[in-house]
1. Can you tell me which residue in the stretch A:4-22 is modelled with the lowest pLDDT, limited to those that are crowded, with 19+ Cβ neighbours inside 10 Å and more than 9 Å from chain B (Cβ to nearest Cβ)?
2. For the stretch B:145-154, indicate whether the set of residues that are buried (at least 23 other Cβ atoms within 10 Å of the Cβ), under 18 Å from B:Thr69 (Cβ atoms) and not hydroxyl-bearing (Ser, Thr, Tyr) is non-empty.
3. Sort out which residues of the stretch B:141-150 are within 14 Å of another protein chain (Cβ to nearest Cβ) and either in a loop (DSSP other than H, G, I, E, B) or closer than 29 Å to B:Ala21 by Cβ (or both), and write them in order of number.
4. So A:Ala114 clears everything in (1) open to solvent by 10 Å² or more (accessible area, probe 1.4 Å); (2) more than 9 Å from chain B (Cβ to nearest Cβ); (3) touching a helix residue (DSSP H, G or I) at 6+ places or on another chain (Cβ under 6 Å) except one condition, right? Which one?
5. In the stretch B:108-129, which residues are closer than 19 Å to B:Gly44 by Cα, surrounded by fewer than 23 Cβ atoms within 10 Å (Cβ to Cβ) and charged (D, E, K, R)?
6. Go through (1) in a loop (DSSP other than H, G, I, E, B); (2) more than 8 Å from every other protein chain (Cβ to nearest Cβ); (3) among the small types (Gly, Ala, Ser); (4) crowded, with 16+ Cβ neighbours inside 10 Å for A:Gly54 and report which single condition fails.
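The values are calculated or read from the model by the stated rules, or taken from the named source; none is laboratory data. Small disclaimer: the values here were computed from a predicted structure and weren't measured. Cβ atoms come from the backbone with ideal geometry, glycine included; neighbour counts cover every protein chain shown. Only protein heavy atoms, including side chains, enter the accessible area calculation; ligands, DNA and RNA are left aside. Shrake-Rupley method; radii C 1.70, N 1.55, O 1.52, S 1.80 Å.
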Amino acid sequence: MHELSVTQHILEIVVRHAQQAHAARITDIHLVIGQLSSFIDESIQFYWDTLSSGTLAEGAHLHFERVPAQVDCNECGQRSTLAESAQGCLACGSLNVRVVAGEEFYVRAIQVQAADEREQEAEA
Amino acid sequence: MSVKVISVLENILQANDQVAAANRARFAAAGVYALNIMSSPGAGKTSLIEQTLRALAPQVRIGMINGDTTAASMDAERGARAGAASVHINTGGNCHLEAHMVRQALDALDLSALDLVIVENVGNLVCPAGWDLGVHARVVVASVTEGDDKPYKYPTMYRGAEVLLLNKIDLLPYLDFNTDYFLQGVRLLNPAVQVFPISCRSGEGIGAWAEWLRARALKHG
Ligand SMILES: Nc1nc2c(ncn2[C@@H]2O[C@H](COP(=O)(O)OP(=O)(O)O)[C@@H](O)[C@H]2O)c(=O)[nH]1
Ligand SMILES: [Mg+2]
Ligand SMILES: [Zn+2]
């Protein structure tokens, strides 16, 4: 369920950036989601169509980039990329590790169409 | 067609994090220590709060914020009966508390008259983990009746906790709960977490937890 409020936050962010750029329409949204974050792509997509309708982002395509979970070992110094999130160092087995990647959750970029193409061309 | 790519690089939970930071500043200004209690439904959050009140009140002055997905305010009433100033938040179906809901609840509490605020989150092992409320310690209540594999299944919740209370240990003789396997999963995810095995039924272990909390609540106050 929490993807509902998450999707509202995403919409608020992308519309604000599109307005600042005087864009007419958002066509693509690139989201970065770490493997360790509990947010589910499908649920965000599910709410997206309803929430975005009637906004600058209506019909925009959502792209999800998943970042794998990585930990650095405090014992042997090796970096491990984890297949499951409940794992220690893959090199020495130590549980004394710190997470260095996989907790990301941000909007990387949006692709927009300009508000007035003639105006844009005149500026160019 | 004129198309352009705009770099955004904005954290999706930033709006929540900003309100959480403001809550944190409010607690600090009032010298109040704050907890966010999270668990699956029925693990014993409200029972824990009742036991904690019994152990610490009135020496420690405690306020309580209960999140529920509906208008049912039973948990807040249980807290009020046990002697806490209490506020009920109806999340309107939302599966977790967010910082702005806590901010609103804080308006209804007189922080200057309190040492400790205990927030009871919505019963859910997934969603509350993602939302900073601005508290000092996130407390996960696990109960032995849920099974010993829960850390492995809900890593985000276990990774983010400062304290883990393993509740209902009075029931251990009747279950095949493997405490070593459970704790191994907890340590994998969160080597620094403080663990207290407790029973809200028999009172076992509540003393150690209450002392840990008393020291912090009175230091801040
Ligand atoms: N046997 C046993 N039952 C408990 C214990 N703690 C809580 N319960 C029971 O578990 C049920 C749910 O507890 P509650 O505090 O309402 O859980 P919450 O939903 O997490 O707030 C109630 O029936 C409690 O009496 C315990 O330590 N031992
Ligand atoms: Mg409860
Ligand atoms: Zn290692």
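1. A:Thr7
2. Within the stretch B:145-154, none of the residues are buried (at least 23 other Cβ atoms within 10 Å of the Cβ), under 18 Å from B:Thr69 (Cβ atoms) and not hydroxyl-bearing (Ser, Thr, Tyr).
3. Within the stretch B:141-150, the first condition is being within 14 Å of another protein chain (Cβ to nearest Cβ), and the residues that meet it are B:148-150.
B:Asp148, B:Asp149 - these are the residues of the stretch B:141-150 that are within 14 Å of another protein chain (Cβ to nearest Cβ) and either in a loop (DSSP other than H, G, I, E, B) or closer than 29 Å to B:Ala21 by Cβ (or both).
4. In the conditions (1) open to solvent by 10 Å² or more (accessible area, probe 1.4 Å); (2) more than 9 Å from chain B (Cβ to nearest Cβ); (3) touching a helix residue (DSSP H, G or I) at 6+ places or on another chain (Cβ under 6 Å), A:Ala114 misses (2) alone.
5. none
6. Every listed condition holds for A:Gly54 apart from (4).
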